[in-house]
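The values are calculated or read from the model by the stated rules, or taken from the named source; none is laboratory data. Please read these numbers as outputs of a predicted model, since none were measured by experiment. With ideal geometry, Cβ positions are generated from the backbone for all residues, glycine too; neighbour counts draw on all protein chains shown. Areas reflect the complete protein model, heavy atoms only, side chains present, ligands, DNA and RNA absent. Shrake-Rupley method; radii C 1.70, N 1.55, O 1.52, S 1.80 Å.
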Amino acid sequence: MSDDNSEIDSDFNNSNHTTEASTTNSLTGRSSKRLKSRSWTWQHFKVRTGGDVECRHCGSGFSSKTSTASLAVHLSKKHNIVQENRDKRSQTTISNDGTIEIHGKLSDKKRDNITSALVQWIVDSKQSFSVVESPALARLFHILNSGYALPSRRTIGRCLEDQYDSTLSKMKLLFQNIPSKISLTIDAWSSRVYRGYLAVTVHWITNEWTLKSSLLDFSYFPPPHNTQTTSDLLFNILTDMNLGTKILGITTDSGAEMPKAIAVLREKLNNKNPGKILKDWHVRCICHIINRSVQDAEVLIKPEADKIRELLKSIRYSSTLRKAFHTTQVQLGCEPVRNVPALDCQKDWNSLYRMLKTCYELRSVFEAICNHHAYKKFTERSKLTNLEWQSIRSVSDFLRLAKVLTIEASSSSYVTISLQPVIYQRLLTHCNKTLTGISVLGFNTERVKAAALAMKKKLEKYEKFVIQDLQKIALFLDPSRDRGMYGLHLQMEAYIRELLLKNYGIDVNTYTETGTDPEGIYLAEICGSATVNSSEINRDDEVSRYIELTRRPDSSCTNVLKWWQYNEDRFPSLSMLAKDIFTVQGSSVPCECVFSDSGQMVRANRSALSDSSLEKSMKLRAWNRSLGIFKKFETNGNGTYRLAL
């Protein structure tokens, strides 16, 4: 094994002696320097001052004009050193048909492809550019292909720019060919070095009724963060991508500048394309609404929560208590043995619930530590009474529904816009039941009732934002939801007919045997079709038939998009509306996911990463995944991979 490693090390060292030869153009058109091999003998000689050469082994001197062949003879005769596998690594042969082949030498195309794949790996795995300077990675690449030399970090940066420009063109084409309207989610983020960025994600539905999403933009957003700067940045992003006429809705948090900025953005887009943007196109993130209501409730349960925090800090900051925490669990037979629960964080949704729930589950452990004479001096001030533990349980049970609903609304892979009114109503009902004492919790303290009242008041402030026309339409088009709570089966029928006529040029009340719908031009702009032939539309009052079919919630409908895919031919007009409406997101969680990725990129050892490199790395990583770059490989069944065609 050692001999094999020595041989590898020898080959590796030999291949690393290169000099610049000539300048050519890469596949991307960028000027790059080609490398030629330097003689292997130079690793055994050093150049003296004045240009003469000295053998590293015996100190023999040679003139600066001495050829490398003569130096090789010296190494062979005096030190028994020869180059191994010299001809094998770069052997030139002539095939039977007269073609000249060079074995062991990479073509320019092959080298560019390897470098391109290397950049994709660096971006996708969030590696730093300096990873190419790792000796271990260089050794790995040499073993895989001895003819390839790792590029420098500067070359990686230039290749990143090339890939970004190329992928940007592909994504623009992809966005323009989206068959439905699109929706956006927007949020701002501050890095570990306090630099602000704005993330924009885009969502659409394919012809196969699959909800897709991708990062549209990730831009450095310097202060001030006000209405004008926010709207200007968003307008420039949409203009660059040519998406101003395809947007149906925008979902954001409830930040102070966002509502006004979105209103200004709508005005700018309508000035450029009059009448294309709906009035109620701004959707507030339901998860932020839930979190804000929980924060208001938390103020009233602060004493119990503060005692838990103080107890956790006492244990977490003491190695003696941490050890006792684990030992006590073993003695009490707790399975599995857990670490000390984490403290809650205001920016981490549901963290208060998780902290209280876990602490109550470990109540016996905490009580045993607090009652132990050796630890009383550490825990005496934070010891909880029996009533306080009961209050902790009551608070935890009260917050459980908020946690469940936050998770339910946090996905971007299924329809969430129709969930907003449902989630709001469930949480409001939960507060009312807690206040009246008929909650399923079984035990309510006065503090919990006060917390429920605070949560209810906060929720009522947001009612007008979660029950807008956009959410009502989505609820109407969701066959799995009960529309009776808002009387949608009565008030929405006329509105849907009007919407189909105004926005799509489809009159479901009349039947025209031939010809083009008079509103066809407007429909073409909305849906991307040239004309709408009235004879192709089922005019048998499909709105009434849909209402009759879905008067009662369809309990068998677990996937709204699949339901519409199955019934697209049955309700062709409504399916067009559904495909557009269901692109709108009920939460801005997709942006939160982007921030999680960006936080992993701007690590402590990458805090000096430039804004441009971070922006391009974030977008390129997301776009490569959207384009399916990494899904083009499949197994051959024998453990190897091949490119899927």
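Would you confirm, using the coordinates I've provided, whether Arg309 is open to solvent by less than 50 Å² (accessible area, probe 1.4 Å), within 30 Å of Lys579 (Cα to Cα), out of contact with any strand residue (DSSP E or B) (no Cβ under 6 Å at 6 or more places or on another chain) and among the basic types (Lys, Arg)? Against the criterion (open to solvent by less than 50 Å² (accessible area, probe 1.4 Å), within 30 Å of Lys579 (Cα to Cα), out of contact with any strand residue (DSSP E or B) (no Cβ under 6 Å at 6 or more places or on another chain) and among the basic types (Lys, Arg)), Arg309 does not qualify.
Of all the listed residues (Thr406, Thr385, Thr416), the sole one being of a type in the set (Ser, Thr, Tyr) and without any contact (Cβ under 8 Å) to a residue 60 or more places away in the chain is Thr385. When segment 316-338 is filtered for residues that are farther than 23 Å from Asp397 by Cβ, charged (D, E, K, R) and surrounded by 13 or more Cβ atoms within 10 Å (Cβ to Cβ), the ones remaining, listed by number, are Arg316, Arg322.
Yes or no, residue by residue, for (1) at pLDDT below 90; (2) more than 30 Å from Val415 (Cβ to Cβ):
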residue: Val283; (1), (2): no, no
residue: His288; (1), (2): no, no
residue: Ile301; (1), (2): yes, yes
residue: Ala305; (1), (2): yes, yes
residue: Ile308; (1), (2): no, yes
residue: Ser319; (1), (2): no, yes
residue: Ala324; (1), (2): no, yes
residue: Thr327; (1), (2): no, yes
residue: Gly333; (1), (2): no, yes
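Filtered by the rule that a residue be under 16 Å from Arg38 (Cα atoms) and in a helix (DSSP H, G or I), segment 48-79 gives Thr68, Ala69, Ser70, Leu71, Ala72. If you check Tyr360, Tyr353 for being in a helix (DSSP H, G or I), over 15 Å from Lys383 (Cα atoms) and under 37 Å from the mean Cα position of the chain (by Cα), only one passes: Tyr353. Of all residues in segment 394-432, those being at pLDDT below 90, surrounded by fewer than 20 Cβ atoms within 10 Å (Cβ to Cβ) and part of a helix (DSSP H, G or I) number 0.
Please go through segment 194-203 and pick out each residue that is open to solvent by 20 Å² or more (accessible area, probe 1.4 Å) and touching a residue at least 12 places away in the same chain (Cβ under 8 Å). The one that is open to solvent by 20 Å² or more (accessible area, probe 1.4 Å) and touching a residue at least 12 places away in the same chain (Cβ under 8 Å): Arg195.
Of the residues Leu174, Leu160, the single one that is open to solvent by less than 20 Å² (accessible area, probe 1.4 Å), under 28 Å from Thr239 (Cβ atoms), not in a loop (DSSP other than H, G, I, E, B) and not polar (S, T, N, Q) is Leu160. Tell me yes or no: at least one residue of segment 342-354 is closer than 21 Å to Ala452 by Cα and hydroxyl-bearing (Ser, Thr, Tyr). Yes: one or more hits. Of all residues assigned to segment 339-349, at least one qualifies as being over 20 Å from Asn371 (Cα atoms), in a loop (DSSP other than H, G, I, E, B) and open to solvent by less than 40 Å² (accessible area, probe 1.4 Å).
Being of a type in the set (S, T, N, Q) and within 28 Å of Thr155 (Cβ to Cβ) is the filter; apply it to segment 93-113 and report the residue that is modelled with the lowest pLDDT.
Among those that are of a type in the set (S, T, N, Q) and within 28 Å of Thr155 (Cβ to Cβ), it is Ser107.
Contact map, segment 450-468: residues that are touching a residue at least 12 places away in the same chain (Cβ under 8 Å) paired with residues that are not in a helix (DSSP H, G or I), Cβ distance under 6 Å, separation 6+ or inter-chain. Pairs shown: Ala450/Leu300; Ala451/Leu300; Ala451/Ile301; Ala454/Leu300; Phe465/Arg284; Gln468/Asp280. Scanning segment 200-237 for residues that are under 20 Å from Lys616 (Cα atoms) and in a helix (DSSP H, G or I) yields Leu233, Leu234, Phe235, Asn236, Ile237. When Leu150, Leu168 are checked against the criterion of being surrounded by fewer than 19 Cβ atoms within 10 Å (Cβ to Cβ) and of a type in the set (A, V, I, L, M), a single residue qualifies: Leu168.
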